[in-house]
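What follows is one structure encoded as structure tokens, with my remarks underneath.
The values are calculated or read from the model by the stated rules, or taken from the named source; none is laboratory data. From a predicted model like this one, the values you see are computed outputs, not experimental measurements. Here the Cβ is made from the backbone with ideal geometry for all residues, glycine too, and neighbour counts use every protein chain on show. In case anyone asks, the SASA skips ligands and DNA or RNA and just uses the protein heavy atoms, side chains included. Shrake-Rupley method; radii C 1.70, N 1.55, O 1.52, S 1.80 Å.
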Amino acid sequence: MSVLATNYLTPTGREEAWRFTPLKRLRGLHDGSAVVAERNSLVTKAGLPKGASFTRETLAPLAASDDVIIERIRGEVSDVAHLSIDANAEIKDPIFLTRSAGALDSAEFSRVRISLGTHAVATVIVENIGDTLLAEDLEIALAAGSTLTFVSLQEFDSKSVYTARHHAVVDKDATFKSITVTVGGDVVRILPTVEFTAPGASAELLGVYFATTGQFFEHRMHVDHAVPNAKSRVNFKGALAGRDAHTVWIGDVLIRAVAEGTDTYELNRNLLLTDGARADSVPNLEIETGEIVGAGHASTTGRFDDEQLFYLMSRGITLENARRLVVRGFFNEIITEIGNEEVQERLMVRIDGELERAGA
Amino acid sequence: MSVLEIRGLQVSVNTENGSVEILKGVDLTIKSGETHAIMGPNGSGKSTLAYSIAGHPKYTITGGSVTLDGADVLDMTVDERAKAGLFLAMQYPVEVPGVSVSNFLRTAATALRGEAPKLRTWVAEVKGAMEALNMDPAFATRNVNEGFSGGEKKRHEIMQLELLKPKMAILDETDSGLDVDALRIVSEGVNRAKANNDLGVLLITHYTRILKYIKPDFVHVFANGKIVEEGGPDLADKLEANGYADYVSK
Ligand SMILES: Nc1ncnc2c1ncn2[C@@H]1O[C@H](COP(=O)(O)OP(=O)(O)OP(=O)(O)O)[C@@H](O)[C@H]1O
Ligand SMILES: [Mg+2]
């Protein structure tokens with residue numbers, strides 16, 4: 001164990017990137033006061049299929065980061081948990097990674113790499129569970145022509161603090177799809193970020209979050225169109241219920257001058273199920289060239305639709321069950337994209353439970 | 001034998017300019033097996049009557065009573081009214097994103113029957129109900145009313161009527177937007193429900209066309225928030241010929 005040196009800038013909360021985050025609840029992940037333990041908690045859940053390997057090795061970061069916590073992780077950890085998919089491997093079943101250990105009195109600084117060789121196809125599902133204090137630098141490398149579906153499930157227990165960057169570097173004609181689900185934890189702050197390194201690449205960032213009483217969930221996208229003819233889609237849906245449930249969605253999309261032929265659209269929809277909850281939603285599109293296919297964004301925040309509830313109830317369904325159906329329906333569009341019935345049903349049951357707990 | 005009794009029903013809606021009275025004392029009694037047609041000009045309050053009986057939160061009851069077999073309907077929540085045996089086929093059925101028709105129907109049937117239908121017989125039951133209304137089985141996996149055409153929404157309403165087997169059904173312009181074949185198919189569905197469940201029907205319509213298929217026992221003229229005339233089936237023909245001028249000018 002070691003206490004971190006404090007030669008990093010510590011966020012004060014006034015910085016744009018930190019203005020929403022409750023720093024006091026980060027348990028010292030951001031200011032170096034957290035005691036760091038070596039937990040290496042990320043493990044494979046079952047045997048690996050042919051064409052995949054999971055090792056610990058020393059790797060240099062894939063991409064620079066301006067996030068303080070990521071810098072702290074990189075200063076501390078050189079050992080990277082590396083899931084590698086061979087070139088041309090087509091793996092049908094999802095590869096599950098899960099957490100083998102967790103603690104709240106010490107922090108884990110984790111570095112993870114998921115890399116796909118050229119034309120590889122895979123689905124990776126990361127299950128973040130238990131009560132833990134975890135800061136993670138997760139980088140994803142998609143080689144030319146590869147296809148990855150990356151599912152990260154924040155199914156933490158109620159005291160967890162998780163801050164992470166999930167950064168994908170997408171090469172020529174590669175297809176990246178991520179589904180970020182956050183339904184548990186005290187504070188969860190994820191930076192799903194993407195950079196395109198060659199034309200023809202595409203990224204689809206999907207997500208759902210459901211914050212109940214007192215929970216803080218932040219998802220801060222950044223999509224960097226630095227090459228021509230890349231495509232990106234962002235669609236995050238959130239629900240909130242209970243006092244001081246707070247979510248933040250930031251959608252930064254940058255279309256640089258060279259990125260002609262860019263096609264991008266980002267969408268965030270929030271459902272406020274009770275009073276006393278707060279959803280911040282900030283789409284932010286910066287366009288430096290006019291030669292694009294399309295660029296747009298939309299953000300909505302609404303409440304239960306009385307007409308929908310009335311329609312369901314007029315068929316004998318109780319108010320409680322009608323609300324459950326509407327919330328499930330709201331999330332369904334994204335949850336079904338996971339493509340794994342067992343995981344989908346587990347998440348829906350968790351969402352039902354959260355809804356009940358919040359008394360919404 | 002069931003009786004739906006509406007007495008002196010007065011209903012208001014809240015608007016930006018305060019509360020506006022829409023129903024001004026409606027009296028109507030419907031018994032099992034009877035079919036009552038209501039015809040009346042646009043905006044006269046027909047849908048308001050239908051929604052008020054079903055319990056839509058938008059409407060405030062300011063006077064009168066509605067009972068089903070003596071039980072106070074106005075005191076019931078919306079789902080309790082359905083459980084008591086009331087059904088409303090809506091003029092504009094609502095889209096419910098992300099909720100499949102099959103999930104919706106099963107949840108409704110479970111609520112109304114007090115237990116989940118046995119999976120085996122249920123699948124056949126739904127399939128049968130859909131076939132009877134000439135609906136593609138693919139509708140079961142689609143989201144409730146989402147992207148349905150106007151006519152498909154109406155078929156979906158009557159399919160629910162057959163599946164959920166209420167005692168009293170209010171059909172609010174179920175015939176609007178139906179092509180000639182669909183009108184016949186939907187009417188046959190209503191007639192089956194009448195025959196099988198001794199259903200009482202309150203049928204709101206603008207056209208005598210549907211009354212050729214679903215024979216009314218009584219026809220009521222609705223104008224300015226109340227019933228202004230009652231008669232037999234021939235009253236509908238008179239209305240079609242003469243319009244509502246006699247009633248709205250009063
Ligand atoms: N929120 C509202 N504010 C003002 N007026 C309203 C409001 N809601 C309903 N109304 C009025 O109530 C009246 C009755 O409406 P309703 O829908 O019951 O008519 P209807 O007889 O069903 O008409 P249609 O034949 O066109 O379906 C209409 O004049 C309508 O404009
Ligand atoms: Mg109407």
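Is there a residue in segment A:263-281 that is within 14 Å of chain B (Cβ to nearest Cβ) and assigned to a helix (DSSP H, G or I)?
No, segment A:263-281 has no match at all.
Which count do you get for residues in segment B:207-220 that are in a helix (DSSP H, G or I) and within 16 Å of ligand 2 (Cβ to nearest atom)?
Of the residues in segment B:207-220, 1 are in a helix (DSSP H, G or I) and within 16 Å of ligand 2 (Cβ to nearest atom).
Among the residues of segment B:73-93, write down those that are open to solvent by less than 20 Å² (accessible area, probe 1.4 Å) and within 16 Å of ligand 1 (Cβ to nearest atom).
Scanning segment B:73-93 gives B:Leu88, B:Ala89, B:Met90, B:Pro93.
Looking at (1) away from ligand 1 (no atom under 16 Å from the Cβ); (2) away from every other protein chain (no Cβ under 14 Å); (3) of a type in the set (A, V, I, L, M, F, W, C), which is the one condition that is false for B:Val96?
For B:Val96, the failing item is (2).
Within segment A:284-305, is even one residue facing another protein chain (nearest Cβ under 9 Å), open to solvent by less than 70 Å² (accessible area, probe 1.4 Å) and not in a strand (DSSP E or B)?
Among the residues of segment A:284-305, at least one is facing another protein chain (nearest Cβ under 9 Å), open to solvent by less than 70 Å² (accessible area, probe 1.4 Å) and not in a strand (DSSP E or B), which makes the answer yes.
Please go through segment B:131-176 and pick out each residue that is touching a His at 6+ places or on another chain (Cβ under 9 Å), crowded, with 20+ Cβ neighbours inside 10 Å and within 14 Å of chain A (Cβ to nearest Cβ).
Once the filter is applied, which keeps residues that are touching a His at 6+ places or on another chain (Cβ under 9 Å), crowded, with 20+ Cβ neighbours inside 10 Å and within 14 Å of chain A (Cβ to nearest Cβ), segment B:131-176 yields B:Val144, B:Asn145.
What number of residues in segment B:111-127 are on the phi < 0 side of the Ramachandran plot and within 12 Å of another protein chain (Cβ to nearest Cβ)?
Residues meeting the conditions: 3.
Would you tally the residues in segment B:56-72 being away from chain A (no Cβ under 13 Å) and surrounded by 15 or more Cβ atoms within 10 Å (Cβ to Cβ)?
Number satisfying all stated conditions: 6.
Please specify each residue of segment A:218-273 satisfying the condition of being of a type in the set (S, T, N, Q) and open to solvent by less than 10 Å² (accessible area, probe 1.4 Å).
Result: A:Ser232, A:Thr247, A:Thr262, A:Thr264, A:Asn268, A:Asn270.
Among the residues of segment B:207-227, what is the count of those that are in contact (Cβ under 8 Å) with a residue 60 or more places away in the chain, surrounded by fewer than 19 Cβ atoms within 10 Å (Cβ to Cβ) and more than 18 Å from B:Met168 (Cβ to Cβ)?
Selection size over segment B:207-227: 1.
Rundown of residues vs (1) touching a residue at least 40 places away in the same chain (Cβ under 8 Å); (2) open to solvent by 10 Å² or more (accessible area, probe 1.4 Å); (3) more than 24 Å from A:Leu29 (Cβ to Cβ), yes/no style:
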site	(1), (2), (3)
A:Asp173	no, yes, yes
A:Asp186	yes, yes, no
A:Thr197	no, yes, yes
A:Ser202	no, yes, yes
A:Phe210	yes, no, no
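Among the numbered conditions (1) closer than 27 Å to B:Glu125 by Cβ; (2) within 7 Å of chain A (Cβ to nearest Cβ), tell me where B:Gly85 comes up short.
(2)
A quick yes/no check of all residues on (1) within 14 Å of chain A (Cβ to nearest Cβ); (2) in contact (Cβ under 8 Å) with a residue 24 or more places away in the chain; (3) open to solvent by 30 Å² or more (accessible area, probe 1.4 Å); (4) more than 9 Å from ligand 1 (Cβ to nearest atom):
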{"site": "B:Glu5", "(1), (2), (3), (4)": "no, yes, yes, yes"}
{"site": "B:Gln10", "(1), (2), (3), (4)": "no, yes, yes, yes"}
{"site": "B:Val20", "(1), (2), (3), (4)": "no, no, yes, no"}
{"site": "B:Leu28", "(1), (2), (3), (4)": "no, yes, no, yes"}
{"site": "B:Ser32", "(1), (2), (3), (4)": "no, yes, no, yes"}
{"site": "B:Thr35", "(1), (2), (3), (4)": "no, yes, no, yes"}
{"site": "B:Gly40", "(1), (2), (3), (4)": "no, yes, no, no"}
{"site": "B:Lys46", "(1), (2), (3), (4)": "no, yes, no, no"}
{"site": "B:Ala54", "(1), (2), (3), (4)": "yes, yes, no, yes"}
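Could you say which residue among B:Ile204, B:Ile185 is β-branched (Val, Ile, Thr) and in contact (Cβ under 8 Å) with a residue 60 or more places away in the chain?
Within the list B:Ile204, B:Ile185, the selection yields B:Ile204.
Cβ-Cβ distance below 8 Å, separation of 6 or more or different chains: which pairs start in segment B:112-131 with a residue that is touching a residue at least 12 places away in the same chain (Cβ under 8 Å) and end on one that is among the hydroxyl-bearing types (Ser, Thr, Tyr)?
Final answer for the pair search is B:Val126/B:Ser102.
Answer yes or no as to whether A:Gly32 is assigned to a loop (DSSP other than H, G, I, E, B), open to solvent by less than 30 Å² (accessible area, probe 1.4 Å) and without any contact (Cβ under 8 Å) to a residue 40 or more places away in the chain. Even if it seems obvious, please write down each step before you answer.
Values: assigned to a loop (DSSP other than H, G, I, E, B): yes; open to solvent by less than 30 Å² (accessible area, probe 1.4 Å): yes; without any contact (Cβ under 8 Å) to a residue 40 or more places away in the chain: no.
No: the conditions fail for A:Gly32.
Considering each residue of segment A:307-322, count those that are among the charged types (D, E, K, R) and either touching a Ser or Thr at 6+ places or on another chain (Cβ under 6 Å) or at pLDDT below 95 (or both), and give that number. Before you say what the answer is, go through the steps one by one.
So in segment A:307-322, the residues among the charged types (D, E, K, R) come out as A:307, A:315, A:320.
Now narrow it down to the ones that are either touching a Ser or Thr at 6+ places or on another chain (Cβ under 6 Å) or at pLDDT below 95 (or both): A:320.
Looking only at that region, the number is 1.
So which strands (runs of 3 or more DSSP E) stay within segment B:1-99 end to end and still have 2 or more residues that are within 13 Å of ligand 2 (Cβ to nearest atom)? Steps first, please.
Numbers: elements: B:3-15, B:18-31, B:35-39, B:59-68, B:86-89.
Ranges flagged: B:18-31, B:35-39, B:86-89.
For segment A:311-349, name all the residues that are part of a loop (DSSP other than H, G, I, E, B) and either away from every other protein chain (no Cβ under 12 Å) or touching a residue at least 12 places away in the same chain (Cβ under 8 Å) (or both).
Within segment A:311-349, A:Gly339, A:Asn340 meet the criteria.
For segment A:77-99, does any single residue satisfy the condition of being open to solvent by 50 Å² or more (accessible area, probe 1.4 Å), under 27 Å from A:Phe156 (Cα atoms) and touching a residue at least 60 places away in the same chain (Cβ under 8 Å)?
Taking every residue of segment A:77-99 in turn, none turns out to be open to solvent by 50 Å² or more (accessible area, probe 1.4 Å), under 27 Å from A:Phe156 (Cα atoms) and touching a residue at least 60 places away in the same chain (Cβ under 8 Å).
Return the residues of segment A:35-70 that are assigned to a strand (DSSP E or B), closer than 20 Å to A:Asp93 by Cβ and hydrophobic (A, V, I, L, M, F, W, C); say none if nothing qualifies.
The answer is A:Leu42, A:Val43, A:Ala52, A:Phe54.
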